[in-house]
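Worksheet: the structure to be examined is printed underneath.
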Amino acid sequence: MAAEKFMQELGVTIHHGGIALGVSVGVKLGLFQSLAQLAQSKDTAVTSQQLADSLDFKERYVREWIGGMVCGNVVDHEEIDGVNKYWLEPYRLPTLLGTDMEWVACYSEILRCAFAAAPMVEKCFPNSGPRGTEVDAYDDLHEFLRKRAVRWQKAENCKLILEDEHLLAKLEAGLQVLELGCGAAAPTKAMATLFPNSTFVASDLSESVLEGAKADCEGLSNVTCRTLDACNIPADLAGQFDLVMLFDVYHDVPQPQTLVDGALNLLKSGGQFFMNEIDVHERLTDNKNNKGIVSALYYTISTMYCLPTCINTPGGEGLGACGGKELYERRLKRSFTKVTRVGEKFGLYFLCTK
Ligand SMILES: C[S@@+](CC[C@H](N)C(=O)[O-])C[C@H]1O[C@@H](n2cnc3c(N)ncnc32)[C@H](O)[C@@H]1O
């Protein structure tokens, strides 16, 4: 009985993986976007030929792909007079198209990145294999991270995440801000637009990643981009900043405590450290019982990216994406005089005072 149940459950998991891959193709190729523009009701439903023509695609590929999306309950369908017709009901649009926090479909892209990285990471498992992988080997992942930053695009979200009234007032008046491990630098971009009196430095270890940030922040005169190793900050930056920010980076760096010590050194007296991390527990048991399959995704993505890129550096701690909020809070409290949780609606954010 247990064997049969397990077989059925795992089968369903793998079937859902197929749907997720199809969703990622739809996001990547703009198929959902185009279908939404063409048809949002049965009255305006289109054929696979019409959808293909709207994007100058081959009909046969579109027809095969959309079959998966219909059977996976992602796209609406009816056979009308022997002809297959497709549309997207309006309720599906926020989830499928990139407008705000509800854009769940963008997360399907992280799966294709993980699948693409698997052959490279599998070589790291044997004792005789490579130590880890290079950050620059994950172009697609960085593209996904850029899309995931959707929550920062809305000024109201940005303010709700920052939450602290004093900090918001100080940002209005003008602060010196540094973002470490910025990736696409979405928070820097959003905040630099919202707070023109503040000055921002967006930094990342990877020059290729920073190219994306530079392109995204172009035209913002209060932003500069700089290559920086968050675990080895140049001495000339000591005491220069009022606010140091870190989003989804702490668990990725080889020496997280060195990063925090460096951030303390970068801050002026009374300066603040704003850190975002993945909202999971430290103990596997707690993740299994409270977070379920979301944690399964985090552990797998961590296996494919966070862990191998981190331990590629000799001596890298290798916390992994599920380092856990209890551990983060404990450690931050050892380094800062005050540590508070903010923006809880949006995830795990700590605001710390030097
Ligand atoms: C998971 S990504 C997060 C990117 C971005 N903050 C975001 O939330 O989308 C981790 C980032 O940390 C950067 N990184 C890794 N090790 C670093 C280090 N030692 N110093 C600075 N950046 C680092 C990577 O290049 C990558 O852009």
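The values are calculated or read from the model by the stated rules, or taken from the named source; none is laboratory data. Every value quoted in this text rests on a predicted model; they were computed, and no experiment measured them. For neighbour counting, all protein chains shown are included, and Cβ atoms are generated from backbone atoms with ideal geometry for every residue, glycine included. Accessible surface areas use protein heavy atoms only, side chains included; no ligands, DNA or RNA. Shrake-Rupley method; radii C 1.70, N 1.55, O 1.52, S 1.80 Å.
Worth pointing out:
- Spin-label model, residue 279/residue 136: points 7 Å from Cα along the beta carbon direction are separated by 3.6 nm.
- Gap separating the Cα centres of the stretch 222-251 and the stretch 56-76, nearest whole Å: 45 Å
- If R0 equals 30 Å, the separation of the Cβ atoms of residue 193 and residue 344 corresponds to a calculated FRET efficiency of about 0.80.
- In this structure the amide hydrogen of residue 312, modeled in the peptide plane, comes within under 5 Å of the amide hydrogens of 133, none closer than 5 places in sequence on its chain.
- Separation in nanometres of the label points that stand 7 Å from Cα toward Cβ, at residue 10 and residue 296: 1.1 nm
- Each peptide in 135-144, 176-185 was scored by the mean count of other Cβ atoms within 10 Å over its residues; highest first, the order is 176-185, 135-144.
- The slack between residue 286 and residue 166, meaning 0.36 nm per residue of separation minus the straight C-alpha distance, is 39.7 nm.
- Estimated vicinal HN-Hα couplings, Hz - the stretch 59-66 in sequence order (Karplus 6.51, -1.76, 1.60; Gly, Pro = x): 4, 4, 5, 4, 5, 5, 4, 6
- Residue 238 paired with residue 120, simple spin-label distance in nm, labels 7 Å along Cα-to-beta-carbon: 3.7 nm
- Across the cross-link table entries 268/325; 5/85; 189/345, which are compared at the Cα atoms, the separations over 29 Å belong to 5/85.
- Solvent exposure of the chain as accessible area per residue, Å², 1.4 Å probe: 50 Å²
- Taking amide H as placed 1.01 Å from N in the peptide plane, residue 220 has no amide H partner under 5 Å among residues 5 or more places away or on another chain.
- Gyration tensor (alpha-carbon) shape descriptor, the stretch 142-280, a/c threshold 1.5: rounded
- Per-pair calculated FRET efficiency, R0 = 22 Å: residue 91 and residue 53 via Cβ, rounded to 0.05: 0.25
- Modelled FRET efficiency - R0 41 Å, residue 159 with residue 84, Cβ distances, 0.05 increments: 0.35
- Shape category assigned to the chain from the gyration tensor of Cα positions, a/c cut at 1.5: prolate
- Atom-type composition of the exposed protein surface of the chain places 54 percent of the accessible area on carbon and sulfur (1.4 angstrom probe).
- Couplings 3J(HN,Hα) for the stretch 272-289, derived from phi with the Karplus relation 6.51 cos²θ - 1.76 cosθ + 1.60 (θ = phi - 60°), are 10, 10, 10, 10, 10, 9, 6, 7, 9, 8, 6, 8, 4, 4, 5, 5, 4, 7 Hz, where x marks Gly and Pro.
- Summarising the amide proton neighbourhood of residue 39: residues at separation of 5 or more, or on other chains, whose placed amide H is nearer than 5 Å comprise 88.
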